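Bear in mind these aren't lab numbers, they're just calculated from the coordinates by the rules spelled out. Just so it is clear, the structure is predicted and the values come from calculations on it, not from any experiment. Here the Cβ is made from the backbone with ideal geometry for all residues, glycine too, and neighbour counts use every protein chain on show.
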Amino acid sequence: MSTMESAPDIRARPESTVIRSRIPAAFRLQFAVPGQLIWVPLIVFLASWAIGTGIGLWIQQVAGAQNGEAATMTGASQATVWTLGFLAAYVASHTFPFALALSYSRRVFMIGVSLAFAVVAAAFGVGAGLAAQLEELTDGFGAEAYTFAVPFLVDDGTIAFGLFAAALTFAVMQFGFFWASLYRRVTLILLWTLIIVIVAVLAVAAMLVTTYDGWPTVFRWVVEQHVAGLAGWLGLVGLLGVAVNYALIRRSTA
């Protein structure tokens, strides 16, 4: 047998095999700095919950007698969601160039990022569901002070609420990633022009709905979807965001 015939096959592996082998590394890359997608969101989650609960307890102590001991609800639970949206934008502006320098393809990077976002969003959904369950079991820590267990959102149970929280977080993270990616592709003037156009379109839509007294119909539709249905819609928005973001970064340069 000749030397050539006995030599190992050194042909390059198929592209699909290379992609699959690098996806776990692209996923782990998002957590190379643990504070970015782990500790900062966790700190914001606990701090916002503590502050929101503290405000609720204080309101009940000060004004509870005047308002008939009505339940107090704060919007502090949103803090972690928007924090993760900003951190997702940071991934697009800082981690993406670093990944290109490490020879990750844009497809592999986007898959790894989306999986990391999904895991983080799922973790927040679990945390939000458990927090809502604790608030319900303790009647808002004995003072009807709720940060997560907001009526309507928990009417279908804390599991459905957790799914909603996870889907919302994933969609917001894709949204944050989108704007940072868009900034890399267009000029600052074009970016602000697009923002103004979107705001104008939303304002006109709101004016039309108000003019034709359509808000009751809108609210009725939202209520009829229930929390699980809204989670499904938000999940579709998140998946659409993945496709749009991949289209944006395909030709983006570091």
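Structure notes:
- Using only side-chain charges placed at the Cβ, +1 for Lys and Arg and -1 for Asp and Glu, the dipole size of the chain relative to its Cα centre rounds to 1540 debye.
- What the Cα convex hull of the range 119-213 gives, in volume per residue, is 141 Å³.
- Globularity ratio of the range 193-235, using Cα Rg and 2.2 N^0.38 Å: 1.46
- Cα centre as origin, Lys/Arg/Asp/Glu Cβ charges: the range 81-210 dipole, Debye: 1040
- Long-range amide H partners of Met73 with built H, under 5 Å: Tyr146
- Where N is the number of residues in the range 112-160, Cα Rg divided by 2.2 N^0.38 Å: 1.33
- Between the listed residues Thr72, Thr211, Leu191, the Cα displaced farthest toward the positive end of the dipole of the chain, a dipole computed from Cβ unit charges relative to the Cα centre, is found at Leu191.
- Expected 222 nm ellipticity per residue - DSSP helices of 4 or more, -39500 (n - 2.57), all of the chain, to 500: -24500 deg cm²/dmol
- Over the range 44-123, the alpha carbon radius of gyration divided by the compact-protein estimate 2.2 N^0.38 Å works out to 1.70.
- Listed residues Thr138, Phe109, Gly127: farthest to the positive end of the dipole of the range 100-254 (Cβ charges): Phe109
- Crossing angle, helix 215-249 versus the chain [Cα axis fit, 0-90 degrees, rounded to tens]: 20
- Which label in (1) -0.43, -0.96; (2) -0.33, -0.83; (3) -0.28, -0.77 gives the computed log10 I(q)/I(0) by the Debye sum over Cα atoms at q = 0.08, 0.13 Å⁻¹: (1)
- Taken as Cα centroids, the range 30-60 and the range 192-245 sit 27 Å apart, rounded to the nearest whole angstrom.
- Computed from Cα positions, the angle between helix 15-29 and the longest principal axis of the chain comes to roughly 50 degrees.
- Between the Cα long axis of helix 158-185 and the first principal axis of the chain there is an angle of about 50°, rounded to the nearest 10.
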